[in-house]
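Worksheet: one structure, shown below.
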Amino acid sequence: VIADGDKKNMVELAQELGALAEKARNGKLTAADLQGGTFTFTNLGGIGGSFFTPIVNSPEVAILGTGRAYWEPGLEDGQKHFRLPLSLSYDHRIIDGADGARFLKWIVDAMEEPLLLSLEG
C-alpha cells in the first residue's frame with residue numbers, strides 16, 4: 001500500500017514501490033504494509049497472462065490489471081504497434097461506469113504521452 005499515492009509524482013511512487021518490493025522479496029512485509037489501500041494494480045504479464053478480469057479486494061474500490069505486453073503488426077501501415085492489455089474493475093456503488101471508462105482512457109493517454117505523468121504528478 002502506498003499512502004497518499006494520488007499526491008505523489010512518478011518518481012516518489014517509484015521510490016516507494018521499490019522499497020516495498022524489496023521488503024516483499026526479503027519477507028519483511030508486515031500486515032500494516034498491506035492495509036488501508038483503495039486501489040490495486042496487478043500484473044499477470046510476467047507469468048504469461050494476457051487478458052483477465054481482476055476482482056476488487058474489499059474494501060478497496062477498484063483494481064487495474066495488466067497482461068503481457070506484445071508487438072502487433074499493423075495491417076494498414078505495416079508498422080508494429082505496442083499493445084498492453086488493460087482491464088479495470090470497480091465497485092459501481094462508488095464509481096460510475098462513465099468515470100471508470102474516462103479513467104482508463106486517461107491511463108492509455110498517459111502511457112502514450114508519458115510526459116503527462118510527470119507534469120500532472
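The values are calculated or read from the model by the stated rules, or taken from the named source; none is laboratory data. Bear in mind the structure is a predicted one, so any value in this text is a computation, not a measurement. Please note: Cβ atoms are built from the backbone with ideal geometry, for glycine as well, and neighbour counts cover all protein chains shown. Only protein heavy atoms, including side chains, enter the accessible area calculation; ligands, DNA and RNA are left aside. Shrake-Rupley method; radii C 1.70, N 1.55, O 1.52, S 1.80 Å.
Given labels modelled 7 Å from the Cα in the Cβ direction, how far is it in nm from ARG102 to HIS81?
2.6 nm
Counting only protein chains, not ligands or nucleic acids, how are LYS23, LYS8 ordered by accessible area (probe 1.4 Å), most first?
LYS23, LYS8
How big is the shadow of the Cα convex hull of the chain, averaged over all directions, in nm²?
Details: hull surface 37.1 nm².
If I average the Cα hull's projected area over directions, I get 9.3 nm².
Based on a Kirkwood Rh over C-alpha pairs, give the Stokes-Einstein translational diffusion coefficient of segment 42-91 at 4 °C and viscosity 1.567 mPa s in µm²/s.
107 µm²/s
Mind running the shape call on segment 1-58? Use the C-alpha gyration tensor, a ≥ b ≥ c as the square roots of the eigenvalues: rounded below 1.5 for a/c, prolate if a/b tops b/c, oblate otherwise.
Verdict is rounded for segment 1-58.
Going Cα to Cα from LYS80, which aspartates and glutamates come in below 14 Å? Please leave out same-chain ones fewer than 8 positions away.
LYS80 reaches GLU72.
Cross-link partners among aspartates and glutamates for LYS7, C-alpha distance below 15 Å, same-chain residues fewer than 8 apart left out?
GLU16, GLU120
Taking the simple approach of a point 7 Å from Cα along Cα-to-Cβ for both THR30 and VAL56, what is their distance in nm?
Taking the simple label geometry, THR30 and VAL56 are separated by 3.0 nm.
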